[in-house]
1. If the requirement is being among the aromatic types (Phe, Trp, Tyr), modelled with pLDDT of 95 or more and farther than 17 Å from Met238 by Cα, which of these qualifies: Trp64, Trp48?
2. Which of the residues that make up segment 12-41 are in a helix (DSSP H, G or I) and out of contact with any Phe, Trp or Tyr (no Cβ under 8 Å at 6 or more places or on another chain)?
3. Is at least one residue of segment 20-27 touching a strand residue (DSSP E or B) at 6+ places or on another chain (Cβ under 8 Å), at negative phi and modelled with pLDDT of 95 or more?
4. Give the residue, chosen from Glu46, Glu31, Glu2, Glu13, that is buried (at least 16 other Cβ atoms within 10 Å of the Cβ), acidic (Asp, Glu) and over 16 Å from Val93 (Cα atoms).
5. With the condition being under 27 Å from Ile54 (Cα atoms), I'd like the helices (runs of 4 or more DSSP H) fully within segment 115-216 carrying at least 2 qualifying residues.
6. So, in segment 171-182, exactly how many residues are at pLDDT below 80 and among the small types (Gly, Ala, Ser)?
7. Output the qualifying pairs, or none if there are none: Cβ atoms under 7 angstrom, residues six or more apart or on different chains, first residue in segment 6-29 and under 17 Å from Phe149 (Cβ atoms), second residue in a helix (DSSP H, G or I) and among the aromatic types (Phe, Trp, Tyr).
Amino acid sequence: MENFADFIIEYIENKPIQGTKGWLNQLNTYEWNRDTYPKMVSITREFWKKSTEILNTPDNNTLWHDHCKRIRKWGHMPRPISLSEGRAYKNCVLSLNKEDPDIISALTKCPACKLKRIAMATKIYYFSNPLKWTIYDSRVGFALDQLIFEYAKKREISPESVFPNNEFCIPEAQTCGRNSVYGFGKCSYSKRKSLWSFIWTSHLHRMIARKLNTMEKIEKPDYCLSEEKCWELPHIEMVFFMLGESQWVDVNDNVKGLI
């Protein structure tokens, strides 16, 4: 993962993608619900604070359910969340933030593993601790897919051999199809892969943020969850979100004929 993170940092900083080059410039293109990245930082802070308050409140199932419904509305997710599903999300959040070394085994019953639910689930997980967990939706998955393709091209190997033991998948998109450029399956076909992709990508985003903060040549964002200017996981997620809006790699430029 370390070498891949280094590649992503250099690639995004130096290569024009969809007409924009550089981490901060890509971040400044972010838009969701007509909100730009500074507003998204503020929204994240508010949802995070609310998540923490509710989790520290006794008998909080109804409060948490209402909180999940507000996140669903913000994310424009079409499927309602039942009270029982809200409780399941809460239990998953508590497990995620325990630093459990067997986290995947502990979360196999979480709603993130249910078919076509990972984008909704990971929004809730993200707002419970946005410095640790990312949002894993179709855009983020599609950006990761294309970055693996480009990394494989640079190393002159097949994309499948970059992370041979990893179980990636791309979440279902609500409005348009985002299919892997080289072979990722859909998260709707595998419960384990959806959860694994979310956890692995969260680690990747945290690593990229840490590395960016050590690089003087890359300017830091003005709007952060922390008091000091720095790159944080939410910034990385927002950049991936924008990169995954459409395809930028040339799939006809095969990786040494291995695809």
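The values are calculated or read from the model by the stated rules, or taken from the named source; none is laboratory data. Bear in mind the structure is a predicted one, so any value in this text is a computation, not a measurement. Quick reminder, even Gly has a Cβ in these numbers, built from the backbone with ideal geometry, and neighbours come from all protein chains shown.
1. Trp64 is the lone residue from the list that is among the aromatic types (Phe, Trp, Tyr), modelled with pLDDT of 95 or more and farther than 17 Å from Met238 by Cα.
2. Going through segment 12-41, the residues in a helix (DSSP H, G or I) turn out to be 12-14, 23-28, 37-41.
Matches in segment 12-41: Asn14, Leu24, Asn25, Gln26, Lys39.
3. yes
4. Working: Glu46 fails: buried (at least 16 other Cβ atoms within 10 Å of the Cβ); Glu31 fails: buried (at least 16 other Cβ atoms within 10 Å of the Cβ); Glu2 fails: buried (at least 16 other Cβ atoms within 10 Å of the Cβ).
Just a single option satisfies the conditions, and that option is Glu13.
5. Numbers: elements: 118-128, 138-155, 191-212.
Counting at least 2 such residues, we get 118-128, 191-212.
6. Filtering segment 171-182 down to residues at pLDDT below 80 leaves 174-177.
Next, only the ones that are among the small types (Gly, Ala, Ser) stay: 177.
The number of residues fulfilling the criteria is 1.
7. Phe7/Tyr151; Ile12/Trp23
Conditions tested, residue by residue: (1) in contact (Cβ under 8 Å) with a residue 12 or more places away in the chain; (2) touching a Pro at 6+ places or on another chain (Cβ under 9 Å); (3) crowded, with 19+ Cβ neighbours inside 10 Å.
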position	(1), (2), (3)
Phe149	yes, yes, yes
Glu160	yes, no, no
Ile170	yes, no, yes
Ala173	yes, no, no
Gly183	yes, yes, no
